[in-house]
Amino acid sequence: MAVARRSFDAVVVGAGGAGLRAALQLSEAGLSVAVLSKVFPTRSHTVAAQGGIGAALGNMGEDSWLWHMYDTVKGSDWLGDQDAIEFMVREAPKLVYELEHFGMPFDRNENGTVYQRPFGGHSQNFGERPVQRSCCAADRTGHAMLHTLYQRNVRARTQFFVEWMALDLLRDASGQVLGVTALEMETGEVMVLHARATLFATGGAGRIFSSTTNAYICTGDGLGMAARAGIPLEDMEFWQFHPTGVAGAGVLITEGVRGEGGYLLNKGGERFMERYAPNLKDLASRDVVSRAMATEIKEGRGAGPRGDYLLLKLDHLGPEVIEKRLPGIREIAKKFADIDPVKDPIPVVPTVHYMMGGIPTNYRGEVVVPAFSNGRSDPEAVVPGFYAAGECACASVHGANRLGTNSLTDLLVFGKAAAESIIKFLQENPGRKDLPKDAAERTEARLARLDGQTNGESVAEVGMEIRRTMQAHCGVFRFPDMLAKGVKKIREIADRASRTQVKDKSRVFNTARIEALELDNLIEAARASMVSAEARRESRGAHDRADHHSRDDSNWLKHTLWYKDGDRLEYKPVHMKPLTARTIEPKVRTY
Amino acid sequence: MRFRIFRYDPDKDEKPAMRDYEVVLDPHDRMLLDALVRIKEQDDSLSLRRSCREGVCGSDAMNINGKNGLACITKLSDLKEPVELRPLPGLPVIRDLIVDMTQFFKQYHSIKPYLINADPPPEKERLQSPEERDELDGLYECILCACCSTSCPSFWWNPDKFVGPAGLLQAYRFIADSRDQATAERLDDLEDPYRLFRCHTIMNCVDACPKNLNPTRAIGKIKELMVKRSV
Ligand SMILES: Cc1cc2nc3c(=O)[nH]c(=O)nc-3n(C[C@H](O)[C@H](O)[C@H](O)COP(=O)(O)OP(=O)(O)OC[C@H]3O[C@@H](n4cnc5c(N)ncnc54)[C@H](O)[C@@H]3O)c2cc1C
Ligand code: SF4
Ligand code: SF4
Ligand code: FES
């Protein structure tokens, strides 16, 4: 099969918040850029973000990037890299102002400045009291941000490849990244996109769990492509369970509800968070609130006929506040829980929400991997030509637990930083390296296998197995025997995933084939998560093990790296030294 | 539950046909999209777009029992059987329930859907009062699903010339923004027998919008502004 080729300065895979912010920078720099997305850009999952963007603007009272930094490091349970965190919180205000200048419809204060609401884990003066730091547009912040960024890209005449799915990452013998192969969904044609620089902004992989706030398209494609090309995945054991997914449906109810004054009740009507986090209560960090909820349910204090959910009360905010600040939530509660929150509490459960891990990068958005050269080993050697930003990347600013609002901040800051790194790289490396002759081989083999496979299992069946296994073996509370069994099961499922069958053989918009290709990525994300979780023998942030109840800094203050090749793990140190600030030393984490 | 679904694969079908399906639903299957995912487990060749499953991404607009809507927020319990599903009317079908949205997005792009303000931006945010910001409510929330434009007869007849309700709603979103300086230019662009004035206030669009937005009102406001500036 002769595969067509096209050449660009840069290829951006993903048109969510991170991809669009990066694309804007690259287009405005006058480069030839191709931006690929599985869906029309404004359908990317950033559109679903509700609560806000974290930035210490100080519009509602005193705030400082140092406090934002402290909260983020503490929220990460000290697994976040402090240089990257300092970089992010210091860039954040600038990028929020810029977004405002682009036309983002932020909510406003009487004096005309951007309105900011309180959010979990964000505090004034190093944990003293809640601060209002989340810049929002009602409870549709992600929608407003994604559309604004798309609009700005329309103005910049960015070139989009809409409904193109990247399939594999291309590297040459030296390891340099030279683009991707991709499938045009409408025609079924495969093309090689040869690029001098490649940026992944492919978002999360929440679809490896059965109960998730993530969209159908969040299948971890960037992770799968990177892993197949020999790039390790970092800290994949850390999955955030959001405290308030609608029970049974998984759809998210933003933490902004609690920011605006809502709180959680158990079946006895008790505001139980007062017991678990006397200071910040319902606005403690997400891992803390989710564990408290799971404990309430486990100990028989859950609400509902089966005692399997808790109640989020917000009627006391009054219809005006709910209509003004949380209109989308009201819509969701009515549609997915059949209740009107103006009158009744919303049934909620902890639900998989966010992947703290991902493709390892530094704070410049460059992908970094351990390498051995000149007799010395470097845990973070730059992979030339390869960049990642957003949820698919691990910078790591979120460490073991992300604070709400810090992902949208991450998209803006690292989307832009990665683009700037690309611009510099292209200036310093003006040539174009040739593609190896067999560049498209892996992709062709995958497609040929799918076309030829008979008597295989259905993709839906194997996908379901992955989700069931992750949910049962790798949940809010993790048990050593369950994890060990989980590893075994996931390895078996990986085997089955390589023998799936697609009945639909059409070339035109073959969504069955697309789902099969996504499965190849889901399984890598799942395997990385389970294997990394089984190995980490401590409890830190979102990773809570029944046999090792506390954080163990002397043995585990380190990042996990999972390699697909050999299904093996390595570790690398956490950056404890910020860029300019003083190190925030690990201590016991209470809220 | 019973369904009749429009099927067409240009790769193998000579012409479209309606196909019947019967599925056993799970108690958790609440919305039409849940049922479609289940049908796809039986017959993987059924093609549709979907992503967020909560009514915010705009992917799964289709014609449901004769009315445009989003499958993911259409309750199964509200639907009459057999549920008849067709692609959005008025746009070319690519396959099954997937339509070619090129024309729709072209119209959206034609209204310069971005803030125009030539002043150098201040160091911090541009100020905007809460009242000025309120003007954007009911406009910025559009998810570009095309339910409205594909229910509008004027758009069916002139998809290349009439901007359509979705595009006009967004045109007004920027006109209404206190930070935008291009009102005159935007009005000039729309002052045209087709681009704006093909709208005959038939109101199908308002009925179809799954986000409860009101393109007709926005169109009315644009017309008002045109009248105002001509006197
Ligand atoms: C319901 C919900 C609410 C949230 N609320 C908040 C909030 O209030 N504040 C906050 O900070 N964070 C929030 N988050 C988290 C945050 O929204 C996400 O982490 C973030 O939007 C991810 O952005 P992204 O740009 O990395 O990826 P996405 O927006 O997911 O975009 C991924 C892009 O990659 C493309 N893509 C993927 N694979 C391929 C492929 N193989 N080929 C081509 N293209 C591909 C997709 O088409 C898409 O364009 C929320 C998350 C959810 C689920
Ligand atoms: S009111 Fe105008 S835009 Fe809306 S459906 Fe009627 S003609 Fe179309
Ligand atoms: S106005 Fe409503 S129906 Fe029309 S595209 Fe926007 S959200 Fe969809
Ligand atoms: S799937 Fe996103 S709107 Fe229905």
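Values quoted throughout were computed directly from the atomic coordinates according to the rules given, and no laboratory measurement underlies them. Not measured: the values here are computed from a predicted model. Cβ: placed from backbone, ideal geometry, glycine included. Neighbour counts: every protein chain shown.
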Problem - Largest to smallest principal axis extent of the C-alpha atoms in segment A:242-352, angstrom - result: 34, 31, 26
Practice task
Hey, could you grab the Kirkwood Rh for segment A:262-312? Inverse mean 1/r over distinct alpha carbon pairs, Å, one decimal.
Solution key: 10.7
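With the Cα gyration tensor of segment A:292-378 in hand, give its eigenvalues times 5 under a square root as the equivalent ellipsoid semi-axes, listed largest first in whole angstrom. Kindly include the intermediate steps, with their values, before the conclusion.
Numbers: eigenvalues 388, 83, 19 Å².
Equivalent-ellipsoid dimensions as semi-axes: 44, 20, 10 Å.
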Practice task
Report Rg/Rh for segment B:101-199, rounded to two decimals, where Rg is the Cα radius of gyration and Rh the Kirkwood radius.
Solution key: 1.01
Completion exercise
Karplus-derived 3J(HN,Hα) from phi for segment B:133-146 (6.51 cos²θ - 1.76 cosθ + 1.60, θ = phi - 60°), whole Hz, x at Gly and Pro, runs 5, 4, 4, 8, 5, x, 10, 5, 6, 4, 9, 6, 7, 6
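Enter the mean projected area of the convex hull around the alpha-carbon atoms of segment A:94-249, in nm², rounded to one decimal.
Numbers: hull surface 55.9 nm².
The Cα convex hull of segment A:94-249, projected and averaged over all directions, gives 14.0 nm².
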Practice task
Using only Cα atoms, figure out Rg for segment A:412-547 and give it as a multiple of 2.2 N^0.38 Å.
Solution key: 1.40
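Relative contact order for segment A:23-115: what is it in percent, counting Cα pairs under 8 Å that are at least 6 residues apart?
Values: 47 pairs, mean separation 20.0, N = 93.
Relative contact order comes out at 22 percent.
Report the far tail of the P(r) of chain B, meaning the percent of Cα-Cα pairs longer than 27 Å.
On the way: 10871 of 26565 pairs.
Within chain B, distances greater than 27 Å cover 41 percent of Cα pairs.
Which entries of A:K281/B:K75; A:K488/A:K564; A:K343/B:K75; A:K298/A:K334; B:K124/B:K221 have Cα-Cα distances beyond 26 Å here?
Violating the 26 Å limit, Cα to Cα: A:K281/B:K75; A:K298/A:K334; B:K124/B:K221.
With the contact rule set at Cα under 8 Å and sequence spacing of 6 or more, what percent relative contact order holds for segment B:129-231? Mind showing how you got there, number by number?
Working: 111 pairs, mean separation 35.1, N = 103.
Result for segment B:129-231 is 34 percent.
Rounded to two decimals, what is the ratio between the C-alpha radius of gyration of segment A:427-489 and 2.2 N^0.38 Å? Walk me through the numbers before you get to the answer.
Details: Rg = 20.2 Å, N = 63, 2.2 N^0.38 = 10.6 Å.
After normalising by residue count via 2.2 N^0.38 Å, the value is 1.90.
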Handout entry: Base-10 log of normalised Debye intensity for segment B:49-168 (one unit scatterer per alpha-carbon) at q = 0.10 Å⁻¹
Key = -0.41
Practice task
Treating the Cα atoms of segment A:479-591 as identical point scatterers in vacuum, please give the log10 of the normalised Debye intensity I(q)/I(0) at q = 0.13, 0.19 Å⁻¹, two decimals.
Solution key: -0.68, -1.04
Completion exercise
The residues A:T443, A:T295, sorted from fewest to most surrounding Cβ atoms within 10 Å, come out as A:T295, A:T443
Practice task
Kindly list the residues of segment A:180-209 that lie in the label zone of A:K433, defined by a backbone N under 15 Å from the point 7 Å along the Cα-to-C-beta vector.
Solution key: A:180, A:194-199
Exercise for the section: Choose one answer from B:D189, B:D207, B:D119: the residue with the largest mean-square fluctuation in a GNM of chain B with alpha-carbon springs under 10 Å. Expected result: B:D119
Handout entry: Nearest 10 degrees, 0 to 90: helix A:459-473 Cα axis against chain A principal axis
Key = 40
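When DSSP assigns beta bridges and you keep just the ones with both residues in chain A, what percent turn out antiparallel, to the nearest 5?
70
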Exercise for the section: Using amide H atoms built 1.01 Å from N in the peptide plane, name the residues 5+ places from A:A371, or on other chains, whose amide H lies under 5 Å from its own. Expected result: A:D378, A:E380, A:A381
Practice task
Distance between Cα centroids, segment A:1-58 to segment A:59-127: provide it in whole Å.
Solution key: 23
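Could you compute how fast the protein assembly as shown diffuses translationally, taking Rh as the Kirkwood radius over C-alpha pairs and applying Stokes-Einstein at 4 °C with viscosity 1.567 mPa s? Give it in µm² per second.
On the way: Rh = 26.9 Å.
Value of D from the Cα-based Kirkwood radius: 48 µm²/s.
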Fill in the blank from the handout: Expected vector for segment A:31-37, Karplus 3J(HN,Hα) from phi with 6.51, -1.76, 1.60 and θ = phi - 60°, integer Hz, x for Gly and Pro, equals 7, 8, 10, 10, 10, 9, 8
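Restricting to DSSP loop positions (anything but H, G, I, E, B) with no more than 15 other Cβ atoms inside 10 Å of their own Cβ, which GluC sites (Glu not before Pro) remain in segment B:1-44? Intermediate values should be presented prior to the final figure.
Values: sites: B:E14, B:E22, B:E41; in loops: B:E14.
Answer in residue order: B:E14.
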Fill in the blank from the handout: Taking the square root of 5λ for each eigenvalue of the C-alpha gyration tensor of segment A:26-108, the equivalent ellipsoid has semi-axes, largest first and in whole angstrom, of 27, 18, 15
Exercise for the section: Would you order B:I202, A:I422, A:I322 from fewest to most other beta-carbon atoms within 10 Å of each residue's own beta-carbon? Expected result: B:I202, A:I322, A:I422
Handout entry: For A:L170, residues with placed amide H under 5 Å, excluding near neighbours
Key = A:L178, A:G179, A:V180, A:T181
Completion exercise
If A:M293, A:M576 are placed from fewest to most neighbouring beta carbons inside 10 Å, the sequence is A:M576, A:M293
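Quick one, can you get me the convex hull of the C-alpha atoms of segment A:1-157 expressed as volume per residue in Å³? Each step should come with its number before you reach the end.
Numbers: hull volume 22.2 nm³, N = 157.
Value for segment A:1-157: 142 Å³ per residue.
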Practice task
Calculate the radius of gyration of the Cα atoms of segment A:366-438 to one decimal place, then report Dmax, the largest Cα-Cα distance, as a whole number, both in Å.
Solution key: 15.2, 45
Exercise for the section: In whole Hz, with x marking every Gly and Pro, tabulate ³J(HN,Hα) for segment A:493-504 from phi via Karplus 6.51 cos²θ - 1.76 cosθ + 1.60, θ = phi - 60°. Expected result: 5, 4, 4, 5, 4, 7, 10, 6, 10, 10, 7, 5
Exercise for the section: Tell me what the protein assembly as shown gives for mean residue ellipticity at 222 nm when only DSSP H runs of n ≥ 4 count, each as -39,500 (n - 2.57), the sum divided by the residue total, rounded to 500 deg cm²/dmol. Expected result: -10500 deg cm²/dmol
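Can you give the convex hull volume per residue for the Cα atoms of segment A:320-427, as a whole number of Å³?
Details: hull volume 14.3 nm³, N = 108.
Hull volume normalised by residue count: 132 Å³.
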Exercise for the section: Report the far tail of the P(r) of segment B:172-230, meaning the percent of Cα-Cα pairs longer than 15 Å. Expected result: 53
Exercise for the section: Determine the shielding of peptide A:108-116 by partner chains: average, over its residues, the number of Cβ atoms on other chains within 10 angstrom of each Cβ. Expected result: 5
Practice task
Compute the semi-axes of the equivalent ellipsoid of segment B:18-95, taking the square root of 5 times each eigenvalue of the Cα gyration tensor, and list them largest first in whole Å.
Solution key: 18, 15, 13
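How high is the relative contact order of chain B, given as a whole-number percent (alpha carbon pairs under 8 Å, six or more residues apart)? Let's see the in-between values first.
Working: 363 pairs, mean separation 41.1, N = 231.
18 percent.
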